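J.: This is the structure I have questions about; it appears just below.
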Amino acid sequence: MAEDSAARPFYTVLVLAFFCSALVAGAAVGLRPLQEANRVIDRQKHILYASGLYDPGKTIAEMFTPIETRVVELATGEFVPEDTIQPETYQQTKAALSEDRGREMNKDEDIANLRRQEKFSLVYLVMDGDDISQIVLPVRGKGLWSTMYAYVAIDKDLTTIQGVSFYEHGETPGLGGEIENPDWQDKWQGKKVYNEEGEVGLEFAKGEAATQEPDRFYQIDGLSGATLTTKGVEKTMEFWFGDHGFKPFLQQLKNKGLVNR
Ligand SMILES: Cc1cc2nc3c(=O)[nH]c(=O)nc-3n(C[C@H](O)[C@H](O)[C@H](O)COP(=O)(O)O)c2cc1C
């Protein structure tokens, strides 16, 4: 093309734009496996935070050794064989949107405001030799602005909370965003999910939690200036530890004598 051609700058920009977009697309595709691997490591870190096993002096793989990852059918609470669903590759929030592995919820049951729920969930069993010492469960629910994701670790007594770790949300920093504050998460330790009647009794106070019995076993401080986020967390727990969440699974563990042996 002649150097003084009017079309020259146009074609130069076109070629450059094409080259750059190919470069960006190539990088995005090429880096995807790395991003996925980092996402898995980040999730494992939060499972370790929740269960109190995190130790900065060790690698994630080392710390994860006593943890068995399994898939359960939520409706029955039964374990799903690995050749039916592989825990390593199962993406449960995506499954919620699928026709065969997800389901639409009606308004009455959908107290965590999720609209759809997966039929199968990952669960993490913290093993002490052949015995289960803790169960770490993934939960999620709507806060004020966003879906909040967390892991909750439950003791082998199937009601006492060992820890919690919120790992993804879009609540306001300093207000609802305080769900990720370790000081607030520490207040969950030792609280009980289920009351004497076997219903979810865990609740969040407006302000400071009760100090008298029996409420002190079930109440956690609410987040100040973030009543709606706190309500969302309460509903998230009520949903995931109720009949449509992990309650059938926890009952199966008890019935089959897999805990409290
Ligand atoms: C910019 C802005 C961001 C807010 N972010 C949150 C939030 O993340 N979570 C929340 O519960 N309330 C948030 N609020 C406050 C709510 O609108 C509402 O006032 C509050 O939940 C009431 O809680 P309180 O009774 O503890 O003040 C926000 C308000 C404003 C103006």
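J.: Looking only at segment 204-239, how many residues end up being touching a helix residue (DSSP H, G or I) at 6+ places or on another chain (Cβ under 9 Å) and in a helix (DSSP H, G or I)?
T.: Qualifying residue count, segment 204-239: 5.
J.: Scan segment 64-80 and give yes if some residue there is at pLDDT 95 or above, assigned to a helix (DSSP H, G or I), under 19 Å from the mean Cα position of the chain (by Cα) and crowded, with 18+ Cβ neighbours inside 10 Å, otherwise no.
T.: Looking for residues that are at pLDDT 95 or above, assigned to a helix (DSSP H, G or I), under 19 Å from the mean Cα position of the chain (by Cα) and crowded, with 18+ Cβ neighbours inside 10 Å, one finds at least one in segment 64-80, hence yes.
J.: If the Cβ limit is 7 Å and pairs must be 6+ apart or interchain, which residue in segment 207-229 that is near the ligand (Cβ under 9 Å from one of its atoms) pairs with which residue that is part of a helix (DSSP H, G or I) and of a type in the set (D, E)?
T.: So the pair list comes out as L223/E178; A226/E178.
J.: Please tell me if K191 is of a type outside the set (D, E), more than 17 Å from the chain's Cα centre (by Cα) and buried (at least 18 other Cβ atoms within 10 Å of the Cβ).
T.: yes
J.: Further question on the same structure: Among the listed residues G163, G198, G170, which satisfies the condition of being more than 11 Å from the ligand (Cβ to nearest atom) and part of a loop (DSSP other than H, G, I, E, B)?
T.: G198 is the lone residue from the list that is more than 11 Å from the ligand (Cβ to nearest atom) and part of a loop (DSSP other than H, G, I, E, B).
This table checks each residue for (1) under 17 Å from F246 (Cα atoms); (2) in contact with a helix residue (DSSP H, G or I) (Cβ under 7 Å, 6 or more places away or on another chain); (3) not hydroxyl-bearing (S, T, Y).
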position: G102; (1), (2), (3): yes, yes, yes
position: M105; (1), (2), (3): yes, no, yes
position: I135; (1), (2), (3): yes, no, yes
position: G143; (1), (2), (3): no, yes, yes
position: Y151; (1), (2), (3): yes, yes, no
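J.: Also: Looking at (1) small (G, A, S); (2) in contact with a strand residue (DSSP E or B) (Cβ under 8 Å, 6 or more places away or on another chain); (3) within 13 Å of the ligand (Cβ to nearest atom), can you tell me which one A153 breaks?
T.: (3)
J.: From W184, W240, which residue is away from the ligand (no atom under 16 Å from the Cβ) and out of contact with any Pro (no Cβ under 6 Å at 6 or more places or on another chain)?
T.: That would be W240, the only listed residue that is away from the ligand (no atom under 16 Å from the Cβ) and out of contact with any Pro (no Cβ under 6 Å at 6 or more places or on another chain).
J.: Identify all residues within segment 117-149 that are more than 17 Å from G77 (Cβ to Cβ), of a type in the set (V, I, T) and either away from the ligand (no atom under 16 Å from the Cβ) or in contact (Cβ under 8 Å) with a residue 40 or more places away in the chain (or both); write none if there are none.
T.: Residue satisfying the conditions is V126 alone.
J.: Condition first: within 22 Å of D183 (Cα to Cα) and not hydroxyl-bearing (S, T, Y). Now tell me which residues in segment 7-56 satisfy that.
T.: D42, R43, Q44, K45, H46, I47, L48, A50, G52, L53, D55, P56
The values are calculated or read from the model by the stated rules, or taken from the named source; none is laboratory data. Computed from a prediction, not measured in an experiment: that's the story for all the values here. Here the Cβ is made from the backbone with ideal geometry for all residues, glycine too, and neighbour counts use every protein chain on show.
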